[in-house]
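Enquirer: This structure is in structure tokens; I'll ask about it shortly.
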Amino acid sequence: KAKYKILSDGTLKLVEEGKRGNDLVLNIDIELQKKVEEILDEEIIKTKSQMNTKYYDKSFVVVEDPSNGEVLAMAGRKAIKKNGEYKTIDFTSGILTNPMTVGSVVKGASILVGYNQKAIDIGDFFYDSCIKVKATTQKCSWKNLGRINDIEALAMSSNVYQFKTAMKVAGYNYSYNMAFQVDQSVFDLYRNMYHSFGLGVKTGIDLPLESLGYSGLDNQSGLLLDFVMGQYETYTPIQLSQYISTLANKGTRYAPRLLKEVHKSTNSSQLSDLLYKSEKEELNQVSSEEKYINRVHEGFYAVMHASYGIGHDYIDEKYDPAGKTGTSQSFLDTNLDGIIDTETISTAFIGFAPFDDPKMTITVTSPDISYEKSRYAYTANTTKRISKKVSDFYFSLYPNS
């Protein structure tokens with residue numbers, strides 16, 4: 001900035017000329033970034049014309065390189081109504097500051113706790129039908145799934161498999177209406193695993209503001225069952241991106257990075273001397289045997305490819321993806337009186353591709369996409385449409401990935 005001296009008569013005297021700042025080179029792929037924003041604009045406006053979207057107004061996307069934490073694109077867009085029509089505005093800050101309950105996407109981390117604690121082993125079966133423990137309401141998967149193993153549990157997003165695993169972690173074998181009490185140490189086992197993937201902690205992204213989301217203080221046994229299926233704590237899109245990137249590279253958590261290089265300023269459009277080069281920053285290693293992380297990979301692969309998987313078409317199968325969907329209950333204070341009054345549904349997707357050598361991860365979240373007391377039992381597939389279009393464009397830019 002230029003420097004001026006204030007003279008006695010109130011006028012300014014130039015002391016030092018201003019000069020252009022240093023040039024920043026980002027990891028952002030500008031073509032991908034522009035396309036992501038365009039897709040968000042189109043899909044958010046399209047969704048607002050659909051049923052049951054009264055409280056929906058935003059979606060978020062992060063595309064990352066899992067081998068080093070480089071952020072290739074990140075965007076959030078929000079719908080506002082102006083002169084009777086919807087338009088979109090930038091809300092990229094929400095990627096760092098807008099946590100939500102994320103649902104079943106956490107089950108990759110949850111099942112690792114079961115493996116690590118020897119509560120389950122690779123290939124173990126449970127019978128999936130609604131469970132009932134003492135002093136709690138019945139808890140179910142989205143339908144009774146029958147006898148399933150760990151891969152099928154991830155592919156079909158079984159809640160009950162996670163419930164029964166968590167009970168065994170806590171030292172219980174499930175029986176109908178049994179007493180079930182857990183202490184803080186069981187919550188800590190799960191929370192520490194989540195933290196090692198970047199869920200519920202600062203990701204270390206090179207931006208100044210980042211929300212942690214909500215971390216529960218209550219350790220009631222029923223809440224543990226909510227926790228392991230992603231219905232207790234809240235996470236931001238950037239935390240989800242770090243989680244899937246850590247899983248994709250088989251256990252190394254890197255800080256997400258926007259900055260690539262800093263160059264000395266010039267008076268031309270050409271880059272000058274390199275002043276700083278950002279290097280990948282390893283934050284921690286996930287504590288689990290490789291065979292168990294590989295098994296979660298297989299489960300996420302089945303989500304996208306198996307006939308019984310529920311994640312088809314979020315990324316085109318020809319790119320050999322793996323991933324996990326999430327649907328969660330969320331809650332809003334719609335009249336801002338400090339009281340939660342509306343239950344909504346939020347959706348999320350995390351994925352990576354190609355399976356054998358991941359080059360990209362994608363995270364898409366759409367908070368409050370529908371609401372429970374609507375006249376219509378309909379939830380827009382906005383998250384799926386966004387993920388499919390963004391991943392298609394990524395692989396059009398990088399066809400050899």
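Enquirer: Quick one: which residue in 70, 42 is free of Cβ contacts under 8 Å to residues at least 24 places away in the same chain and either in contact with a Lys or Arg (Cβ under 6 Å, 6 or more places away or on another chain) or not hydroxyl-bearing (Ser, Thr, Tyr) (or both)? Before you say what the answer is, go through the steps one by one.
Expert: Values: 70 fails: free of Cβ contacts under 8 Å to residues at least 24 places away in the same chain.
One residue alone meets the criteria, 42.
Enquirer: A further question on this structure: Does residue 196 satisfy the condition of being out of contact with any strand residue (DSSP E or B) (no Cβ under 7 Å at 6 or more places or on another chain) and open to solvent by 10 Å² or more (accessible area, probe 1.4 Å)?
Expert: Values: out of contact with any strand residue (DSSP E or B) (no Cβ under 7 Å at 6 or more places or on another chain): no; open to solvent by 10 Å² or more (accessible area, probe 1.4 Å): yes.
In short, no.
Enquirer: Considering only region 73-93, I want to know if a residue exists there that is open to solvent by 10 Å² or more (accessible area, probe 1.4 Å) and under 15 Å from residue 242 (Cα atoms).
Expert: Yes.
Enquirer: Considering only residues that are over 13 Å from residue 71 (Cβ atoms) and buried (at least 23 other Cβ atoms within 10 Å of the Cβ), which ones fall in region 245-272?
Expert: Filtering region 245-272 for residues over 13 Å from residue 71 (Cβ atoms) gives 246-253, 261-272.
Those that are over 13 Å from residue 71 (Cβ atoms) and buried (at least 23 other Cβ atoms within 10 Å of the Cβ): 246, 247, 248, 253.
Enquirer: Shifting gears a bit: Looking only at region 51-66, which residues are farther than 17 Å from residue 99 by Cβ, of a type in the set (Val, Ile, Thr) and in a strand (DSSP E or B)? Lay out the reasoning, then the answer.
Expert: Of all residues in region 51-66, those farther than 17 Å from residue 99 by Cβ come to 51-54, 63-66.
Of the ones still in play, those that are also of a type in the set (Val, Ile, Thr) are 53, 63.
If the condition is that a residue be farther than 17 Å from residue 99 by Cβ, of a type in the set (Val, Ile, Thr) and in a strand (DSSP E or B), then 63 is the only one that fits.
Enquirer: State whether one or more residues within region 332-339 are over 24 Å from residue 59 (Cα atoms) and touching a Ser or Thr at 6+ places or on another chain (Cβ under 8 Å). Write out each step before concluding.
Expert: Initial filter on region 332-339 (over 24 Å from residue 59 (Cα atoms)): 337-339.
Now narrow it down to the ones that are touching a Ser or Thr at 6+ places or on another chain (Cβ under 8 Å): none.
The answer is no; no qualifying residue exists.
Enquirer: Okay, moving on. Residue by residue through region 283-304, note down the ones that are open to solvent by less than 40 Å² (accessible area, probe 1.4 Å) and either without any contact (Cβ under 8 Å) to a residue 12 or more places away in the chain or in a strand (DSSP E or B) (or both). Can you show your working first?
Expert: Step one: list which residues in region 283-304 are open to solvent by less than 40 Å² (accessible area, probe 1.4 Å), which gives 284, 286, 288, 292-293, 295-297, 299-300, 302-304.
Once the filter is applied, which keeps residues that are open to solvent by less than 40 Å² (accessible area, probe 1.4 Å) and either without any contact (Cβ under 8 Å) to a residue 12 or more places away in the chain or in a strand (DSSP E or B) (or both), region 283-304 yields only 284.
Enquirer: Where residues in region 1-43 are in a strand (DSSP E or B) and among the acidic types (Asp, Glu), which of them is farthest from residue 267 (Cα to Cα)?
Expert: If we filter region 1-43 for residues that are in a strand (DSSP E or B), which is where we start, we get 3-6, 12-16, 23-26.
Next, from what is left, pick out any that are among the acidic types (Asp, Glu): 16, 23.
Values: 16: 17, 23: 11 Å.
Among them, the one singled out is 16.
Enquirer: Going through region 344-361 one residue at a time, which ones are farther than 17 Å from residue 58 by Cα, in contact with an Asp or Glu (Cβ under 8 Å, 6 or more places away or on another chain) and either of a type in the set (Asp, Glu) or crowded, with 24+ Cβ neighbours inside 10 Å (or both)?
Expert: Listed by number, the residues that qualify are 353, 356, 360, 361.
Enquirer: A further question on this structure: Go through 378, 398, 371, 394 for me and flag whichever is touching a strand residue (DSSP E or B) at 6+ places or on another chain (Cβ under 9 Å), touching a residue at least 60 places away in the same chain (Cβ under 8 Å) and open to solvent by 60 Å² or more (accessible area, probe 1.4 Å). Outline the logic, then answer.
Expert: Working: 398 fails: touching a residue at least 60 places away in the same chain (Cβ under 8 Å); 371 fails: open to solvent by 60 Å² or more (accessible area, probe 1.4 Å); 394 fails: open to solvent by 60 Å² or more (accessible area, probe 1.4 Å).
Of the residues listed, the single one that is touching a strand residue (DSSP E or B) at 6+ places or on another chain (Cβ under 9 Å), touching a residue at least 60 places away in the same chain (Cβ under 8 Å) and open to solvent by 60 Å² or more (accessible area, probe 1.4 Å) is 378.
Enquirer: Looking only at region 165-182, how many residues end up being open to solvent by 10 Å² or more (accessible area, probe 1.4 Å) and part of a helix (DSSP H, G or I)? It would help to see each step written out before you state the result.
Expert: First, pick out the residues of region 165-182 that are open to solvent by 10 Å² or more (accessible area, probe 1.4 Å): 168-179, 181-182.
Then drop every residue that is not part of a helix (DSSP H, G or I), which leaves 168-169.
Total meeting the criteria: 2.
Enquirer: Can you tell me which residue is least open to solvent (accessible area, probe 1.4 Å) among those in region 217-244 that are among the aromatic types (Phe, Trp, Tyr) and out of contact with any strand residue (DSSP E or B) (no Cβ under 8 Å at 6 or more places or on another chain)?
Expert: Of region 217-244, the ones among the aromatic types (Phe, Trp, Tyr) are 227, 232, 235, 243.
Add one more test, that the residue is out of contact with any strand residue (DSSP E or B) (no Cβ under 8 Å at 6 or more places or on another chain), and what stays is 227, 232.
Numbers: 227: 3, 232: 25 Å².
Per the stated criteria, the residue is 227.
Enquirer: Follow-up. Look at region 185-225 and say how many of its residues are part of a loop (DSSP other than H, G, I, E, B) and either over 19 Å from residue 165 (Cβ atoms) or in contact with a helix residue (DSSP H, G or I) (Cβ under 8 Å, 6 or more places away or on another chain) (or both). Can you show your working first?
Expert: Here is the first cut: in region 185-225, the ones part of a loop (DSSP other than H, G, I, E, B) are 198-220.
Of the ones still in play, those that are also either over 19 Å from residue 165 (Cβ atoms) or in contact with a helix residue (DSSP H, G or I) (Cβ under 8 Å, 6 or more places away or on another chain) (or both) are 198-219.
So the count comes out to 22.
Enquirer: If you go through region 1-54, how many residues are open to solvent by less than 50 Å² (accessible area, probe 1.4 Å) and more than 30 Å from residue 365 (Cβ to Cβ)?
Expert: 4
Enquirer: Filter region 329-385 down to the residues that are of a type in the set (Ser, Thr, Tyr) and in a strand (DSSP E or B) and list them by number.
Expert: We begin by selecting, within region 329-385, every residue of a type in the set (Ser, Thr, Tyr); these are 330, 334, 342, 344, 346-347, 361, 363, 365-366, 370-371, 374, 376, 378-379, 382-383.
Within region 329-385, 330, 342, 344, 346, 347, 361, 363, 365, 366, 370, 371 meet the criteria.
Enquirer: Continuing with the same structure: Is at least one residue of region 247-270 closer than 30 Å to residue 218 by Cβ and in a helix (DSSP H, G or I)?
Expert: Within region 247-270, one or more residues are closer than 30 Å to residue 218 by Cβ and in a helix (DSSP H, G or I).
The values are calculated or read from the model by the stated rules, or taken from the named source; none is laboratory data. As the structure is a computational prediction, the values presented were derived from the model and not from experiment. A quick note on method: Cβ atoms are made from the backbone with ideal geometry, for glycine too, and the neighbour counts reach across all protein chains shown. We work out accessible area using only protein heavy atoms, side chains counted, and drop any ligands, DNA or RNA first. Shrake-Rupley method; radii C 1.70, N 1.55, O 1.52, S 1.80 Å.
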